[in-house]
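One structure, as structure tokens, below. Some questions next.
The values are calculated or read from the model by the stated rules, or taken from the named source; none is laboratory data. What you see is a predicted model; the values in this text were computed from it and never measured. Please note: Cβ atoms are built from the backbone with ideal geometry, for glycine as well, and neighbour counts cover all protein chains shown.
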Amino acid sequence: MLNFDTIIGARDAIRLKKISAVELTQQAIARIEAVDGRVRAFNSTCAQRALEQARLVDQGRRGGELAGVPIAVKDNLCTTFGTTTCSSKMLENFHSPYDATVIQKLESAGAVIVGKTNLDEFAMGSSTENSAFGSTRNPWNLNCVPGGSSGGSAAALASGACCGSIGSDTGGSIRQPAALCGVVGLKPTYGRISRYGLVAFASSLDQIGPFGWTVGDAALLLKVMSGHDPKDSTSVPHPVPDYPAEIDRPIKGLRIGVAKEFELTAGMDPHVSSAVDEAMKVYQRMGAQRVDVSLPHTEYGIAAYYVIAPCEASSNLARYDGIHYGHRTKKPVNDIIDLVSHSRAEGFGDEVKRRIMIGTYALSSGYYDAYYVRALQVRTLIKRDFDQAFNQCDVILSATSPTAAFAAGEKTADPLQMYLCDVFTVTCNIAGIAGISLPCGFTPGDQPLPIGLQLLGPTFGEETLLRAARMYESATDWHQRRPALK
Ligand code: GLN
């Protein structure tokens, strides 16, 4: 185990020389060796490089706000070291010629990257079972999934292999695995963090964001990664607030929106509902006010998302043809059509193929207006719902996921069931707003599983969101629990 397992704890311990960066990195590597054969959070590790980076910190030649802190990054973020596979056969041997902007920023802040984490292939999924390299398991119960698609990043943190990690969230892929693994996960506002070097899934929805054990850790990673980047025209030039500085300041008279549309009954685990209700009471005891808000188009969220995301994916993934990028078939081929179709048939897994087919169909002439344009119209309505709701409240509270972690294999045969994991998370991406998930309880029984609370905030409302999340965290101790994994 790590002697200091939170980002701020590790950073301070290194600064005060209670532990050296090299020692902490060695502990992370030892922990990966001890548990990752079972958790399988990592696609690849970079122990030697990490130790060298840590040594430079100890020698005073690398510094910054994350100096010496072990961090894991999702394997859809381009790094010049190791491979960037997106957990796909298509990119199994891909070596990126450049680093993603977030990788540069993390490393300039002194972070020690220990490895690249598993994901659902090209970030499509909610369980990290759609990986070409084997599924990741939940550190709280190895028979369960960690959520997805950033399940590797959430599980790496929860298993004690790093102090923080990075994921991407297109429809819930940071918040849902954070909920299922009992950690904090933040999806920033669209445009807050540069996506240069993030392998694109659905470009109008994708955002990069942090995982940490605490709200403060997430705030620090957010601060380090945020800001405008000329290499990503969707990143905005808004100034980056000092997120961690403000989080301990409670919000007087916090108005918490509760939408009846988020109180889904079918498919909702009653333990999740009661944990979320209890969280509302905790806020009320702290002086927060409950406001009933209405998000009437929420029920179309999943349908709109599962048109928009596959449409954009089918376009983004067209580049993997075995010529420009990606796996090339070794079969004898007659012509270019043969080459491309064999390469794609071999390189992509079933879920990715399903999305490409749905997207291509929905974008084809004659269907474009009925599906894609329609979904974009719904998108406007969903955005408007949030705009109106945020006139009445500061944050909106709900469950992150309708259930705690489910058993591995339970939903793999039924894509629709898997898509329904995202009911509470997709509308945030559709509207481009910010969202956070934080631990708010556990299921009963002898192998308790974490439950996640979601707070949504308006565009660039990260400061409010983090402060509101920190209020709850300061009144509870869920964030101090750790899995018993040996
Ligand atoms: N589970 C959703 C999907 O499969 C979201 C994935 C994500 O956010 N990357 O598309």
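Looking only at segment 429-441, count every residue that is within 12 Å of the ligand (Cβ to nearest atom) and over 12 Å from residue 395 (Cβ atoms) and tell me the total.
Keep residues of segment 429-441 that are within 12 Å of the ligand (Cβ to nearest atom), which gives 429-430, 435.
Now narrow it down to the ones that are over 12 Å from residue 395 (Cβ atoms): 429-430.
Number satisfying all stated conditions: 2.
Conditions tested, residue by residue: (1) surrounded by fewer than 17 Cβ atoms within 10 Å (Cβ to Cβ); (2) in contact (Cβ under 8 Å) with a residue 24 or more places away in the chain.
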position: 9; (1), (2): no, yes
position: 18; (1), (2): yes, no
position: 38; (1), (2): yes, yes
position: 44; (1), (2): yes, yes
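Let me ask something else. Check whether at least one residue in segment 229-240 is in contact with a strand residue (DSSP E or B) (Cβ under 7 Å, 6 or more places away or on another chain) and surrounded by 24 or more Cβ atoms within 10 Å (Cβ to Cβ), and report yes or no.
In the first step, residues of segment 229-240 are kept if they are in contact with a strand residue (DSSP E or B) (Cβ under 7 Å, 6 or more places away or on another chain); the result is 235, 240.
Restricting the remaining residues to those that are surrounded by 24 or more Cβ atoms within 10 Å (Cβ to Cβ) gives none.
Scanning segment 229-240 turns up no residue that is in contact with a strand residue (DSSP E or B) (Cβ under 7 Å, 6 or more places away or on another chain) and surrounded by 24 or more Cβ atoms within 10 Å (Cβ to Cβ).
Being over 30 Å from residue 349 (Cα atoms) and either within 23 Å of the chain's Cα centre (by Cα) or modelled with pLDDT of 95 or more (or both) narrows it down to one residue among 73, 57; which is it?
Only one candidate passes the filter, namely 57.
Further question: When both residues are 6+ apart or on different chains and their Cβ atoms are under 7 Å apart, which pairs have a first residue that lies in segment 166-179 and is acidic (Asp, Glu), and a second that is more than 6 Å from the ligand (Cβ to nearest atom)?
Taking only residues 6 or more apart or on different chains, the pairs are 169/175; 169/187; 169/207; 169/209; 169/429.
Looking at segment 206-222, which of the residues that are touching a Lys or Arg at 6+ places or on another chain (Cβ under 9 Å) and of a type outside the set (Val, Ile, Thr) is nearest to the ligand (Cβ to nearest atom)? Show your work before the answer.
Taking segment 206-222 first, the residues touching a Lys or Arg at 6+ places or on another chain (Cβ under 9 Å) are 206-209, 213-216, 219-220, 222.
Those still in the list that are of a type outside the set (Val, Ile, Thr) too: 206-207, 209, 213, 216, 219-220, 222.
Working: 206: 7, 207: 9, 209: 10, 213: 21, 216: 24, 219: 21, 220: 23, 222: 17 Å.
Among them, the one singled out is 206.
Restricting to segment 78-95, what's the tally of residues that are over 19 Å from residue 131 (Cβ atoms) and either touching a residue at least 40 places away in the same chain (Cβ under 8 Å) or acidic (Asp, Glu) (or both)?
Step one: list which residues in segment 78-95 are over 19 Å from residue 131 (Cβ atoms), which gives 80-81, 95.
Within this subset, residues satisfying the condition of being either touching a residue at least 40 places away in the same chain (Cβ under 8 Å) or acidic (Asp, Glu) (or both) are none.
Final tally of qualifying residues: 0.
For (1) more than 16 Å from the ligand (Cβ to nearest atom); (2) of a type in the set (A, V, I, L, M, F, W, C); (3) more than 25 Å from residue 274 (Cβ to Cβ), each residue gets a yes or a no:
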{"site": "336", "(1), (2), (3)": "yes, yes, yes"}
{"site": "343", "(1), (2), (3)": "yes, no, yes"}
{"site": "347", "(1), (2), (3)": "yes, no, yes"}
{"site": "351", "(1), (2), (3)": "no, no, yes"}
{"site": "373", "(1), (2), (3)": "yes, yes, yes"}
{"site": "394", "(1), (2), (3)": "yes, no, no"}
{"site": "399", "(1), (2), (3)": "no, yes, no"}
{"site": "402", "(1), (2), (3)": "no, no, no"}
{"site": "410", "(1), (2), (3)": "no, no, no"}
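Just give me the residues in segment 470-486 being without any contact (Cβ under 8 Å) to a residue 40 or more places away in the chain and part of a helix (DSSP H, G or I), in sequence order.
480
Take segment 427-454 and flag every residue that is touching a residue at least 60 places away in the same chain (Cβ under 8 Å) and in a loop (DSSP other than H, G, I, E, B).
Residues satisfying the conditions are 432, 433, 443, 444, 447, 448, 449.
Which one of 65, 33 is acidic (Asp, Glu) and outside any helix (DSSP H, G or I)? Please lay out each step first, then the result.
Working: 33 fails: outside any helix (DSSP H, G or I).
Of the residues listed, the single one that is acidic (Asp, Glu) and outside any helix (DSSP H, G or I) is 65.
Determine which single condition residue 263 fails, assuming it passes every other condition in (1) within 20 Å of residue 469 (Cβ to Cβ); (2) surrounded by fewer than 17 Cβ atoms within 10 Å (Cβ to Cβ); (3) among the acidic types (Asp, Glu).
(1)
Filter segment 20-33 for residues that are in contact (Cβ under 8 Å) with a residue 40 or more places away in the chain and surrounded by fewer than 17 Cβ atoms within 10 Å (Cβ to Cβ) and give the result.
20
While we're looking at this one, here's another question. Would it be correct to say that residue 248 is under 19 Å from residue 76 (Cα atoms) and not hydrophobic (A, V, I, L, M, F, W, C)?
Details: under 19 Å from residue 76 (Cα atoms): no; not hydrophobic (A, V, I, L, M, F, W, C): yes.
Considered against the rule, which asks whether it is under 19 Å from residue 76 (Cα atoms) and not hydrophobic (A, V, I, L, M, F, W, C), residue 248 comes out as no.
Which of the residues that make up segment 296-320 are away from the ligand (no atom under 15 Å from the Cβ) and either under 30 Å from residue 248 (Cα atoms) or in contact with a Leu (Cβ under 6 Å, 6 or more places away or on another chain) (or both)?
Residue satisfying the conditions is 297 alone.
While we're looking at this one, here's another question. Scan segment 394-421 residue by residue and report those that are in a strand (DSSP E or B) and touching a helix residue (DSSP H, G or I) at 6+ places or on another chain (Cβ under 8 Å). Spell out the reasoning first.
Quick first cut of segment 394-421, residues in a strand (DSSP E or B) only: 395-399, 407.
Passing the criteria: 395, 396, 397, 398, 399.
Six or more apart or on different chains, Cβ under 7 Å: which pairs go from a residue in segment 300-319 that's on the phi < 0 side of the Ramachandran plot to one that's more than 11 Å from the ligand (Cβ to nearest atom) and charged (D, E, K, R)? Could you list them?
Once the first residue is on the phi < 0 side of the Ramachandran plot and sits in segment 300-319, its partners that are more than 11 Å from the ligand (Cβ to nearest atom) and charged (D, E, K, R) give 304/379; 308/379.
Between a residue in segment 458-469 that is free of Cβ contacts under 8 Å to residues at least 12 places away in the same chain and within 11 Å of residue 246 (Cβ to Cβ) and any residue that is assigned to a helix (DSSP H, G or I) and among the hydroxyl-bearing types (Ser, Thr, Tyr), which pairs come within a Cβ distance under 8 Å, given they are 6 or more apart or on different chains?
Going by the 8 Å Cβ cut-off, there are no qualifying pairs.
I need a count of the residues in segment 325-355 that are in a loop (DSSP other than H, G, I, E, B), in contact with a His (Cβ under 8 Å, 6 or more places away or on another chain) and not polar (S, T, N, Q). Explain how you work it out, then say what you get.
Taking segment 325-355 as the starting set, the residues that turn out to be in a loop (DSSP other than H, G, I, E, B) are 325-335, 348-349.
Next, from what is left, pick out any that are in contact with a His (Cβ under 8 Å, 6 or more places away or on another chain): 329, 331, 333.
When the remaining residues are screened for being not polar (S, T, N, Q), the result is 331, 333.
Residues meeting the conditions: 2.
Also, I was wondering about something else. Which of the residues spanning segment 290-317 are loosely packed, with under 15 Cβ neighbours inside 10 Å and in a helix (DSSP H, G or I)?
299, the sole residue that qualifies.
Here is a check on your reading of the model: is residue 424 away from the ligand (no atom under 16 Å from the Cβ) and in a loop (DSSP other than H, G, I, E, B)? Steps first, answer last, please.
Numbers: away from the ligand (no atom under 16 Å from the Cβ): no; in a loop (DSSP other than H, G, I, E, B): yes.
In short, no.
For the structure I just gave you, tell me whether residue 283 is out of contact with any Asp or Glu (no Cβ under 7 Å at 6 or more places or on another chain), in a helix (DSSP H, G or I), surrounded by 13 or more Cβ atoms within 10 Å (Cβ to Cβ) and not hydrophobic (A, V, I, L, M, F, W, C). Give the steps one after another, and end with the answer.
Numbers: out of contact with any Asp or Glu (no Cβ under 7 Å at 6 or more places or on another chain): yes; in a helix (DSSP H, G or I): yes; surrounded by 13 or more Cβ atoms within 10 Å (Cβ to Cβ): yes; not hydrophobic (A, V, I, L, M, F, W, C): yes.
So residue 283 fits the description; yes.
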